[in-house]
Every structure is written in C-alpha cells, then in structure tokens.
Amino acid sequence: MSGDEHNAIAETLVEMAANLARTSTAALVAGELVWGAAIHACVAIAHHLDWRPQHPRQKRELDRLLTHAVAEHPVRADLIDGLNMVQRRLHNHFYTGQLGDIELAQYITGGIELVQRLIDIASQTPRSSGSPVA
Amino acid sequence: MSETETRLPGEALLEAAEREIGKGNLREGAGLVWDATMEALAAAGARYGMPCGNREEAVELVNHLDDLADPPAPGEFYTYRNLVSFSVADSYREEHENREELLGDPEFRWEPDEYTLYLDSIRRFIKSLNNQTTGNTKQ
C-alpha cells in the first residue's frame, strides 16, 4: 500500500468517525476509527519520508516518526500530545468504556482535528526527501 | 532562584517531578506531574468559583476553560485545547496509579523516555493556566 493510499484510508476513517460520533451508542466505534485513522496518516508520512517503522502501531514509534518529520516545535508537541490523547482516551475507551458521553465526544473532535493535521502534513511531505516539515 | 521570587501554582511541584523522573523514580515523578497540574487547575478554578479536588471536577473546569477560550489561533488546530493538554496530565496520573497494570500491557505502557517526552507540554499547560488565573492572556 502506498503513502497516498494510507492517507486516503485515513480520510475515509475520519469521515466515518464523524458520522458515527453523532450517535452516542456508536461513538465508541468512532473513537477507535480515529485511532486507526491516526495510524494510517502517520504511516502515510513515513512512506513519504521513506521511513520504515518496525512497529507502526506502537505509539512510541509514531512519536519518533513525528519528531523526525515535523520541525516546528509547538506543532510537533501538539501532534505528539494529540497522539497520546487518541491512544490513551479513545483507543483505551474502546476496550474499557472509561469516558462519559460528553468527554468522549470532545476527544473525538480533538482526534479528528489531529488526523486532519496529519493528513495535511502527509500531503505536504515531499516524497522520500527526508525534509522535516513545519 | 532567590527566596523572594514568587512561585506560581504547580511550578514547584513540576520541578520536583522533573527531579524524580530524572533520578529514575518514574512512578513518583508521574504522581507529582499530576499533583502540579491539579494545583494549577485549582488556582484557575478559584477564579471562577469552581472546585477542583478530583478528576471529575477537573474535567468540568477544563470544559469551562475551553468554553471561555478564543477559537484556535492560526497554526493551532484543537478546539478543546485545554482538554488535550489535560489528557496528557491524565496519562501521568494513570502511570502513577496504574503503573503495575500498565507494565503488563506492552501497547500502553510508557518507556522511561516517555516520562520526559510530555514534560514540556505540561509546563506550557501550567503556564497557560496561571496566565488565566492572573488574567494575563499573553502566552
């Protein structure tokens, strides 16, 4: 699968998540789709940088990827914070149901905003240049 | 630092957290990060007459702060800016309270370097909360 295909999947997943999030009973699934979308968007960035993560579903590997790929510190920190939020709140909630409805909806909003930013970065990352983007 | 210099809520606890994490006392350090965040949140909550003695009250306060916040500035992208930052602090709380459980979970457990990864974000969050407490909106 190419980087562009991973990016397209991420776009599809967040669109599905936004629709599912409108129903409280489906919001749990929406949160998990956001986690999947975040991983696909990160893998798209990795492809464009010709970076081959050994364990692309491990958050710490994605942290390393974003640290390498994004030069501007405040944006990079926001992305890494967001990735932590999506994993620790949304992905974990899929198994534990730990969040209330309002908190879950807000974290889904934040997760979708994160993925949209990651998709933008993947789209702007020159293929295999290794150049960090802002 | 001179003895007369005023410390803002959460700052001293965060410095203590950094020292503990630096010494490898990860669980203790994580707990101090959470304590530092709660101290800064409690001070911000006092401005609005909102209590902040536990996680539930903290979430309510964070929602209130996000309701009051300006829309994301250019380059920023989170509508619930305070909640995203709070989530990072909440992860430190989990690392403190559930560390043994998390150690057995390779997907969620933090490696030692991850305890330092988010400290700058917590520092920015505490600074932002203290700015809100004093009414100084400049970040």
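Where a number appears in this text, it was derived from the coordinates with a stated rule and is not lab data. These figures come from a predicted structure and were not determined experimentally. Note that each Cβ is placed from the backbone with ideal geometry, even for glycine, and that neighbours are counted across all protein chains shown.
Rank these for me by crowding, B:7, B:124, B:81, B:19, going from fewest to most other beta carbons within 10 Å.
B:7, B:19, B:124, B:81
What are the ³J(HN,Hα) values, in whole Hz, obtained from phi via the Karplus relation 6.51 cos²θ - 1.76 cosθ + 1.60 with θ = phi - 60°, for each residue of the range B:29-39 in sequence order, with x given for Gly and Pro?
Going residue by residue, I get x, 4, x, 5, 4, 5, 4, 4, 5, 5, 5 Hz, with x marking Gly and Pro.
Enumerate the amide H contacts of residue A:70 below 5 Å, restricted to partners 5 or more residues apart or on another chain; note that Pro and chain-start residues carry no placed amide H.
A:133
What distance in nm lies between label points placed 7 Å from Cα along the C-beta direction at residue A:64 and residue A:2?
Computed distance between label sites residue A:64 and residue A:2 equals 2.8 nm.
Which residues does a label at residue B:124 reach in the range A:63-99, if reach means a backbone N under 13 Å from a point 7 Å past the Cα toward the Cβ?
Label zone hits: A:71-83.
Any chance you could give the angle, 0 to 90 degrees and rounded to 10, that helix B:119-134 forms with the longest Cα principal axis of chain B?
30
In a shell of Cβ-Cβ distance under 15 Å around residue A:102, excluding residue A:102 itself, what net charge do Lys and Arg (+1) and Asp and Glu (-1) give?
-4
Say each of residue B:64 and residue A:73 gets a label point 7 Å from the Cα, pointing the same way as Cα to Cβ; how far apart are those two points in nm?
So the label points at residue B:64 and residue A:73 sit 3.3 nm apart.
Roughly how many nanometres apart are two label points built 7 Å out from the Cα toward the Cβ at residue B:73 and residue B:103?
Roughly 4.2 nm, to one decimal.
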